[in-house]
Amino acid sequence: MFEIKKTQSCLGAYIEGLDLSKSFSEKTLGELKNALSDNEVLFFRNQNITHDDHKRLASAFGLMQSHPAYPTIDGFPEITILENDEENPSKIEEWHTDMTFKKNPPLGSILIGKIIPETGGDTMFSSLSKAYDDLSHEWKERLEEMNAIHSFEFGFKESLEEEGGRERLADALKENPPVSHPVIKRHPVTGRKVIYVNRLFTSHIEGDDTEGSILNFLFDHIHQEKYQYRFSWENNSIAFWDNRSVLHKPVNDYWPQLRRMERITIEP
Ligand SMILES: [Fe+2]
């Protein structure tokens, strides 16, 4: 058994009393799955786990994915390394949901903080279900009919513009043509509706005007502070987010310090 300590915000809970280096029962796994769907993001402290433990936890939730653009750990192609330092500052600045440029974006990601800077480097999370709930009835009806285009090329435009970027990412580009997702999606477990757009990968709403006024309205709405929780990392902290109902955003205020994270992303 473990304890679920909800944050003061509308999403997120800290899981206490669960050692992720040990395997756990089906019952505990079921409770953890419910906790994830209910709270949208789970946080753990002091989990000094191995790569195999990381994999075991992730695979209890589903198949593991690899990322087309990031480096991985030797012998562990499922574990993506997110490492930034003086020479390689983080390029992701925007609020986003991971990999919505795919037809079936991931269920979630399990991110471990391995080397955390002394100051800064928090991650922000934001609830897309709560943001949906607060929409007016008129907006809910209107958005129900709409679809938006999500694109790898749009999301990675800065990397593509770098010298050699287009060559380096040629395969990823070819394998990930733009896809269309409904603007309003239903969470498969909770049945809650969410606003499914993000500034990083959503290029436009089909049929929206050229200024993108609907999309801009939605970004202003979903980026409000009242839907957010800000997580401060320590070494061996874990954030496990439900990618079907939250946005997240790294706070890139730690340059030139080193920050190293390891992530496994789980298939839907
Ligand atoms: Fe992300």
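The values are calculated or read from the model by the stated rules, or taken from the named source; none is laboratory data. Computed from a prediction, not measured in an experiment: that's the story for all the values here. Here Cβ is always computed from backbone atoms with ideal geometry, including for glycine, and neighbour counts include all displayed protein chains.
Of note:
- Any hit, region 13-36, residues being within 16 Å of the ligand (Cβ to nearest atom) and either buried (at least 16 other Cβ atoms within 10 Å of the Cβ) or of a type in the set (V, I, T) (or both): no
- Considering residues of region 255-268 that are under 20 Å from the mean Cα position of the chain (by Cα) and in a loop (DSSP other than H, G, I, E, B) only, the residue farthest from H51 (Cα to Cα): P268
- Residue count for region 81-118 satisfying the condition of being touching a Lys or Arg at 6+ places or on another chain (Cβ under 7 Å), away from the ligand (no atom under 16 Å from the Cβ) and in a loop (DSSP other than H, G, I, E, B): 2.
- The lone exception for M64 - which of (1) in contact with an Asp or Glu (Cβ under 6 Å, 6 or more places away or on another chain); (2) surrounded by fewer than 21 Cβ atoms within 10 Å (Cβ to Cβ); (3) under 30 Å from E225 (Cβ atoms) it fails: (3)
- Options E26, E40, E31: the member that is among the charged types (D, E, K, R) and without any contact (Cβ under 8 Å) to a residue 24 or more places away in the chain: E26
- Total residues in region 70-80, condition exposed (fewer than 15 other Cβ atoms within 10 Å of the Cβ) and either in a loop (DSSP other than H, G, I, E, B) or aromatic (F, W, Y) (or both): 4
- Inclusion of L128 among residues that are within 28 Å of L215 (Cα to Cα), in contact with a Gly (Cβ under 7 Å, 6 or more places away or on another chain) and either crowded, with 20+ Cβ neighbours inside 10 Å or among the basic types (K, R) (or both) is not warranted.
- Qualifying residue in region 206-226 (condition: under 27 Å from S66 (Cα atoms) and buried (at least 20 other Cβ atoms within 10 Å of the Cβ)): no
- Across region 245-256, the number of residues qualifying as at pLDDT 95 or above and either more than 13 Å from the ligand (Cβ to nearest atom) or among the acidic types (D, E) (or both) comes to 1.
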